[in-house]
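Asks: Starting off with a structure, shown below.
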Amino acid sequence: MQLIDGNAIAATLVAELKARVAALPGRKPCLALVRVGEDPASVSYVRKKEKTAAEIGIESRVILPPVSISQAELEKLIDDLNADPAVDGILVQSPLPKNLDEPAAFRRIAAHKDVDGFHTLNLGKLVQEDDSGFVACTPAGIMELLARSGVDLKGKHVVVLGRSLIVGKPAALLALQKKAGANGTVTICHSGTADVAALTRLADVLIAAIGKPEFVKADMVKPGAVVIDVGINRVPDPSKKTGYKLVGDVDFDGVAPLASQITPVPGGVGPMTVCMLMRNTLKARLSAG
Ligand code: GUN
């Protein structure tokens, strides 16, 4: 079994992006990060995004509206960022407080600043295999991890667990694309799937993105499979200072001995997601001229 070291691969990407940003004439790329409320995971993710941006030389603007912000006020804030020529990318951290309409907020972000890749236009471009759009960061990070770990999906059966707009659907579409490294044969499993284990056992490459702690057990995995664990679940652990530990959607200890390659949690897909956000922000800056 070989561990796919997301931290090491992300460090290489950070260095590559840093060199590209340093060589950029004119102003540095600028990413606006909007976080509403104090969801602990969101606080930590936004801090990480800010830190990685600084490391690469990307300017970040963290905007923390009060939790009492109304939908209209949030949309006005997004409109202002859309109109600001100094801002290249806009990210509204999910989840928003329940009283706000998150899909509507995402839709409000101009497609050319949608570095999250959630806008209808960018999703449409992904379906059409038009590379001019933005691809969602976690699925893009998965493809990068696979490519840099020597995994070519051509001729492989890729099973994606989960059909979310943020991970499952775009990951399946990327694996399916008719281009080098992709060309996978793709199955998507979800809550309506009759026998999930029967399908995951057929996977040469298994991508788990359902948000259920340690859902994938050893008897659901084919020996020699490549296992990509997208889950970041906080489970109570009194022995930790924080009171919780992070586990993936895969039972790592049970599955790792079977897998040919596997990502750990943390330190697998997570660091790649942040890198892809930075790559998208640089892409937005380059297309802004
Ligand atoms: N929350 C968890 N993942 C993401 C992501 O990729 N983008 C945004 N905006 N929020 C998230």
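The values are calculated or read from the model by the stated rules, or taken from the named source; none is laboratory data. Since this is a predicted model, take the numbers as computed values, not measurements. Because the Cβ atoms are built from the backbone with ideal geometry, glycine has one as well, and the counts that use them run over all protein chains shown. Remember, those area values only see protein heavy atoms, side chains included, never the ligands or the DNA or RNA. Shrake-Rupley method; radii C 1.70, N 1.55, O 1.52, S 1.80 Å.
Asks: Looking at Leu286, Leu246, which one is out of contact with any Ser or Thr (no Cβ under 9 Å at 6 or more places or on another chain) and over 30 Å from Leu24 (Cα atoms)?
Replies: When all the criteria are applied, what remains is Leu246.
Asks: Hey, another quick one. In this structure, does Val34 turn out to be under 14 Å from Leu286 (Cβ atoms) and in contact (Cβ under 8 Å) with a residue 12 or more places away in the chain?
Replies: no
Asks: Contact list please: Cβ distance under 8 Å, first residue in region 228-247 and over 28 Å from Gly168 (Cβ atoms), second residue of a type in the set (D, E, K, R), pairs at least six apart or on different chains.
Replies: If the second residue must be of a type in the set (D, E, K, R), the pairs left are Gly243/Asp237.
Asks: Of everything in region 21-79, what is away from the ligand (no atom under 15 Å from the Cβ) and either touching a Pro at 6+ places or on another chain (Cβ under 7 Å) or of a type in the set (Asp, Glu) (or both)? Give them in sequence order.
Replies: Val21, Glu55, Ile58, Glu59, Val67, Glu73, Glu75, Asp79, listed by residue number.
Asks: Going through region 69-121 one residue at a time, which ones are in a helix (DSSP H, G or I) and of a type in the set (Val, Ile, Thr)?
Replies: Ile78, Thr120
Asks: Pull out all pairs, ordered by first then second residue, where Cβ-Cβ is under 6 Å, the residues are six or more apart or on different chains, the first lies in region 266-288 and is under 30 Å from Lys245 (Cβ atoms) and more than 14 Å from the ligand (Cβ to nearest atom), and the second is assigned to a helix (DSSP H, G or I) and open to solvent by 10 Å² or more (accessible area, probe 1.4 Å).
Replies: From residues that are under 30 Å from Lys245 (Cβ atoms) and more than 14 Å from the ligand (Cβ to nearest atom), the pairs are Gly267/Asn7.
Asks: So Gly124 passes all but one of these: (1) touching a Pro at 6+ places or on another chain (Cβ under 9 Å); (2) within 30 Å of Pro85 (Cβ to Cβ); (3) outside any loop (DSSP other than H, G, I, E, B). Which condition number does it fail?
Replies: Unmet for Gly124, out of (1) touching a Pro at 6+ places or on another chain (Cβ under 9 Å); (2) within 30 Å of Pro85 (Cβ to Cβ); (3) outside any loop (DSSP other than H, G, I, E, B): (1).
Asks: Would you check if Gly141 is more than 11 Å from the ligand (Cβ to nearest atom), of a type in the set (Gly, Ala, Ser) and surrounded by 15 or more Cβ atoms within 10 Å (Cβ to Cβ)?
Replies: no
Asks: Go through region 144-165 and report how many residues are at pLDDT 95 or above and within 16 Å of the ligand (Cβ to nearest atom).
Replies: Residues meeting the conditions: 5.
Asks: Tell me, which strands (runs of 3 or more DSSP E) wholly within region 168-254 include 2 or more residues that are surrounded by 18 or more Cβ atoms within 10 Å (Cβ to Cβ)?
Replies: 185-189, 205-208, 226-229, 244-247
Asks: A follow-up question, please. Residues that are acidic (Asp, Glu), over 17 Å from the mean Cα position of the chain (by Cα) and closer than 18 Å to Arg285 by Cβ: does region 57-77 have at least one?
Replies: Checking region 57-77: at least one residue is acidic (Asp, Glu), over 17 Å from the mean Cα position of the chain (by Cα) and closer than 18 Å to Arg285 by Cβ.
Asks: Now a separate question. Quick one: how many residues across region 144-167 are open to solvent by 10 Å² or more (accessible area, probe 1.4 Å), farther than 16 Å from Asp116 by Cβ and small (Gly, Ala, Ser)?
Replies: 4
Asks: Need pairs with beta-carbon distance below 9 Å; first residue aliphatic (A, V, I, L, M) and within region 38-53, second away from the ligand (no atom under 12 Å from the Cβ) and open to solvent by 90 Å² or more (accessible area, probe 1.4 Å); sequence gap 6+ or separate chains.
Replies: Ala41/Arg234; Val46/Leu64; Ala53/Glu59
Asks: Further, regarding this structure: Being free of Cβ contacts under 8 Å to residues at least 12 places away in the same chain and among the aliphatic types (A, V, I, L, M) narrows it down to one residue among Ala72, Ala86, Ala182; which is it?
Replies: The conditions single out Ala72.
Asks: Which residues, counting only those in region 17-44, are closer than 22 Å to Pro266 by Cβ and either buried (at least 20 other Cβ atoms within 10 Å of the Cβ) or of a type in the set (A, V, I, L, M, F, W, C) (or both)?
Replies: Of everything in region 17-44, those that are closer than 22 Å to Pro266 by Cβ and either buried (at least 20 other Cβ atoms within 10 Å of the Cβ) or of a type in the set (A, V, I, L, M, F, W, C) (or both) turn out to be Leu17, Leu33, Arg35, Ala41, Val43.
Asks: Could I ask something else about it? Which numbered condition in (1) away from the ligand (no atom under 13 Å from the Cβ); (2) open to solvent by 30 Å² or more (accessible area, probe 1.4 Å); (3) free of Cβ contacts under 8 Å to residues at least 24 places away in the same chain is the only one that Ala111 fails?
Replies: (2)
Asks: Tell me, which residue of region 99-108 that is over 15 Å from Leu165 (Cβ atoms) and surrounded by 18 or more Cβ atoms within 10 Å (Cβ to Cβ) is farthest from the chain's Cα centre (by Cα)?
Replies: Once the filter is applied, the top-ranked residue is Leu100.
Asks: What's the number of the only condition in (1) within 15 Å of the ligand (Cβ to nearest atom); (2) small (Gly, Ala, Ser); (3) open to solvent by 10 Å² or more (accessible area, probe 1.4 Å) that Ala136 fails to meet?
Replies: It is condition (3) that Ala136 fails.
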